[in-house]
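Undergrad: Sharing a structure with you now.
Each value in this text was obtained by applying a stated rule to the coordinates, not by laboratory testing. From a predicted model like this one, the values you see are computed outputs, not experimental measurements. Note that each Cβ is placed from the backbone with ideal geometry, even for glycine, and that neighbours are counted across all protein chains shown.
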Amino acid sequence: MIVEEMSMGEFEAGLARTRTILIPFGSVEEHGSHLPLSTDTIQAYEVGKKAARLIPLFVAPPIHYGSCRSTSCHPGTISISTVTLKALLKDIVLSLYRQGLRNVIVLTGHAGGSHRMALQDAGEELLPELPELKIAVVTEYELAYREGKKIVETEGDAHAGEIETSRIMHSHPHLVKGTGEREFPNFPPGLLVRNKRKYWPGGVWGDPTKASAEKGKRIEELVVEKVARLVRELEAFEE
């Protein structure tokens, strides 16, 4: 059940089928010279929509902005603060709770450390405030990396590399511009730097030359199945 496409009556009827909703979080962030700035959002939203074909599940409109630090100097990245991100999730969940939703899967396509921690902090703060709430915060990319381990050839592949390029080649091939080049960042260990692009010029962390639409299809299917299982686990979870 795709919330942005539903009418008021359809939403109300949907509550009789499930009290579970998935909220896709993404980013507007560089993904090399070959992938769209919305790559993270696309992946999380696609997985949510396809999981909803397998099980009763509301899928909220995606949040297109995230906290992006390591890519903040690259053209096209639009970042929000962790304070804003945390408040945004809390406000959305509170509103959904008032509408009758009780189980929330936060699926973030953006895997930045500060971004993930802000979402987790928001979830932790919501638990004591909303007594019937069950919430999970899941990084979509980590699911793809784990579930697709036998498919992926590039060790340490992370950002705009083999995995993400394959995913977009499968779901949105018209948005892929060329193949990209193999690259890994060389940030100085432990040091915080202002000019982050100096140590990561191309914005790729992995090897997009090894990507294929077939790999992307297989990885996406595995992630969709995993998310559907997580929904069932959350619904059955008792403390």
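Undergrad: Can you give the calculated 222 nm mean residue ellipticity of the chain, where each DSSP H run of n ≥ 4 adds -39,500 (n - 2.57) and the sum is split over every residue, rounded to the nearest 500 deg cm²/dmol?
TA: After summing the helix terms and dividing by the residues of the chain, the value is -13000 deg cm²/dmol.
Undergrad: Averaged over every viewing direction, what's the projected area of the C-alpha convex hull for region 1-129? Give it in nm², one decimal, please.
TA: One quarter of the hull surface, i.e. the mean projection, equals 8.1 nm².
Undergrad: Please name which of 32, 63, 81 has its Cα lying farthest along the dipole of the chain towards the positive end, using unit charges on Cβ (Lys, Arg +1; Asp, Glu -1) and the Cα centre as origin.
TA: 32
Undergrad: Please arrange 145, 199, 45 by counting, for each residue, the other beta carbons lying within 10 Å of its beta carbon, fewest first.
TA: By the 10 Å Cβ count, ascending: 199, 145, 45.
Undergrad: Note the direction-averaged projected area, equal to a quarter of the hull surface, for the Cα convex hull of the chain, in nm².
TA: 13.2 nm²
Undergrad: OK, next. What is the set of long-range amide H partners of residue 135 at a cut-off below 5 Å, with H atoms built 1.01 Å from backbone N?
TA: Counting only residues 5 or more places away or on other chains, the set is 104.
Undergrad: Rounded to the nearest 5, what % of DSSP beta bridges with both residues in the chain are antiparallel?
TA: Looking only at bridges with both residues in the chain, the antiparallel portion is about 20 percent.
Undergrad: Angle between the Cα long axis of helix 113-129 and the longest principal axis of the chain, 0 to 90 degrees, nearest 10?
TA: 10 degrees
Undergrad: Related question: Region 154-213: percent of C-alpha pairs farther apart than 17 Å?
TA: So the portion of pairs separated by more than 17 Å is 42 percent.
Undergrad: On to the next question. Set the Förster radius R0 to 35 Å, insert the Cβ-Cβ distance between residue 98 and residue 146 as r into 1/(1 + (r/R0)^6), and round the FRET efficiency to 0.05.
TA: Once the sixth-power term is evaluated, E becomes 0.50.
Undergrad: In addition: Each residue of region 195-205 in turn: what ³J(HN,Hα) in whole Hz from Karplus with 6.51, -1.76, 1.60 and θ = phi - 60°, glycine and Pro shown as x?
TA: Per residue, the Karplus-derived 3J(HN,Hα) values read 8, 5, 5, 4, 9, 8, x, x, x, 10, 10 Hz.
Undergrad: On to the next question. Let me know the charge dipole size of the chain about its Cα centre in debye, to the nearest 20, where only the beta-carbon of Lys, Arg (+1) and Asp, Glu (-1) is charged.
TA: 340 debye
Undergrad: How would 34, 174 line up from fewest to most surrounding beta-carbon atoms within 10 angstrom?
TA: In increasing order of surrounding Cβ atoms, one gets 174, 34.
Undergrad: Where the centre of each part is set by its Cα atoms, how far does region 86-104 sit from region 204-239, in angstrom?
TA: 24 Å
Undergrad: Would you list 169, 117, 1 from fewest to most Cβ contacts within 10 Å? Before the final figure, lay out the partial values.
TA: Details: 169 22, 117 15, 1 18.
Fewest-to-most Cβ neighbours within 10 Å comes out as 117, 1, 169.
Undergrad: Could I ask something else about it? For a quick check: with amide H placed at 1.01 Å from N, whose amide H comes under 5 Å from residue 27's, ignoring anything fewer than 5 positions away on the same chain?
TA: It is 40, 41, by chain and number.
Undergrad: Right, something else. Given R₀ = 41 Å, FRET efficiency for residue 13-residue 124 by Cβ-Cβ distance, to 0.05? Mind dumping the intermediate values first?
TA: On the way: r = 32 Å, r/R0 = 0.79.
It comes out at approximately 0.80.
Undergrad: Turning to a different aspect of this structure: Using modelled amide H (1.01 Å from N, peptide plane; none on Pro or chain starts), what sits under 5 Å from the amide H of residue 77, excluding residues fewer than 5 places away?
TA: 30
Undergrad: Here is a follow-up. For the Cα atoms of the chain, what angle does the longest principal axis make with the long axis of helix 213-236, in degrees from 0 to 90, nearest 10?
TA: 30 degrees
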